[in-house]
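Asker: Pasting in a structure now, in structure tokens, and then I'll have a few things to ask.
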Amino acid sequence: MTTISRKVRIMPSRAAARGETPGARSRGAERRTERGAERGAERGSTLVEFALCLPLLVLLFAGLADYAVILQQAMALTQTAAAAAAYGAITGDNVDLTGMQAAAQKACSGLSGLTVTASNIYTCAAGGTQVSSSASCSGYGTPIKYVAIQTSAPVQPLLPLPGFPSTLTLHGSAYYRVPWTP
């Protein structure tokens with residue numbers, strides 16, 4: 001039987017290479033321990049900062065959600081007024097005011113407390129002052145006829161905050177020119 005022997009070279013440890021006694025702590029290990037203690041303190045301060053900022057973040061996001069809901073409902077009121085005014089404008093001279101109000105109620109059935117006001121407006125010039133329907137306008141003869149719709153509805157915020165009103169009243173309006181008048 002033949003035996004094969006190997007030469008094994010034993011490498012000294014890093015500590016021994018630096019001339020330190022075996023088992024002694026190296027400076028790197030001490031640094032790691034100090035960093036670990038600092039990290040623990042940082043974790044604690046991060047938790048305290050998060051606990052202080054969390055209520056502010058919740059209020060901020062609740063305010064954003066309230067604003068989004070109120071803005072959506074305000075746009076719905078304006079679109080409702082536009083739909084009702086368009087309905088009234090296509091009927092010509094025989095404007096159906098109650099039909100305009102019914103069209104507005106139907107267009108915005110999701111809002112409770114919706115108030116709709118429909119009216120006819122006569123002017124001598126576009127954007128001019130209001131005149132009576134029997135007035136005579138120089139250069140035009142008969143006044144220009146418009147239909148007007150005003151909508152309003154109360155809205156309650158999702159998160160009632162002290163110092164802010166518990167109910168807001170939103171408004172929408174639309175004015176359409178009646179395309180023909182006899």
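The values are calculated or read from the model by the stated rules, or taken from the named source; none is laboratory data. Remember, predicted model here, so these are calculated numbers, not experimental data. A quick note on method: Cβ atoms are made from the backbone with ideal geometry, for glycine too, and the neighbour counts reach across all protein chains shown.
Asker: Checking GLY113 against (1) touching a residue at least 40 places away in the same chain (Cβ under 8 Å); (2) more than 29 Å from PHE61 (Cα to Cα): exactly one of these is not met. Which one?
Answerer: GLY113 satisfies every listed condition except (2).
Asker: The conditions are (1) assigned to a loop (DSSP other than H, G, I, E, B); (2) under 30 Å from the mean Cα position of the chain (by Cα), and VAL95 fails exactly one of them. Which is it?
Answerer: In the conditions (1) assigned to a loop (DSSP other than H, G, I, E, B); (2) under 30 Å from the mean Cα position of the chain (by Cα), VAL95 misses (2) alone.
Asker: Among (1) at pLDDT 80 or above; (2) exposed (fewer than 12 other Cβ atoms within 10 Å of the Cβ); (3) more than 30 Å from PRO55 (Cβ to Cβ), which single condition is SER133 missing?
Answerer: (1)
Asker: Still on this structure: I'd like the residue in the range 74-91 that is of a type in the set (Val, Ile, Thr) and assigned to a helix (DSSP H, G or I) and, out of all such residues, is surrounded by the most Cβ atoms within 10 Å (Cβ to Cβ).
Answerer: Residues of the range 74-91 of a type in the set (Val, Ile, Thr): 78, 80, 90-91.
Narrowing the set further to residues that are assigned to a helix (DSSP H, G or I) leaves 78, 80, 90.
Working: THR78: 17, THR80: 26, ILE90: 12.
Looking at residues that are of a type in the set (Val, Ile, Thr) and assigned to a helix (DSSP H, G or I), I get THR80.
Asker: I want to confirm something. Restricting to the range 160-182 and keeping residues that are surrounded by 13 or more Cβ atoms within 10 Å (Cβ to Cβ) and among the aliphatic types (A, V, I, L, M), which single residue is farthest from VAL116 (Cα to Cα)? Reasoning before the result, please.
Answerer: First, the residues of the range 160-182 that are surrounded by 13 or more Cβ atoms within 10 Å (Cβ to Cβ): 168, 170-178, 181.
Keeping just the survivors that are among the aliphatic types (A, V, I, L, M) gives 168, 170, 174, 178.
Values: LEU168: 17, LEU170: 12, ALA174: 11, VAL178: 19 Å.
Per the criteria, the residue is VAL178.
Asker: Pairs, please: C-beta under 8 Å, at least 6 apart or cross-chain, first residue within 13 Å of ALA153 (Cβ to Cβ) and at pLDDT 90 or above and in the range 64-92, second of a type in the set (Ser, Thr, Tyr) and surrounded by fewer than 19 Cβ atoms within 10 Å (Cβ to Cβ)?
Answerer: Here the result reads LEU77/SER152; THR78/SER173; ALA81/SER173, each pair linking the range 64-92 to a residue that is of a type in the set (Ser, Thr, Tyr) and surrounded by fewer than 19 Cβ atoms within 10 Å (Cβ to Cβ).
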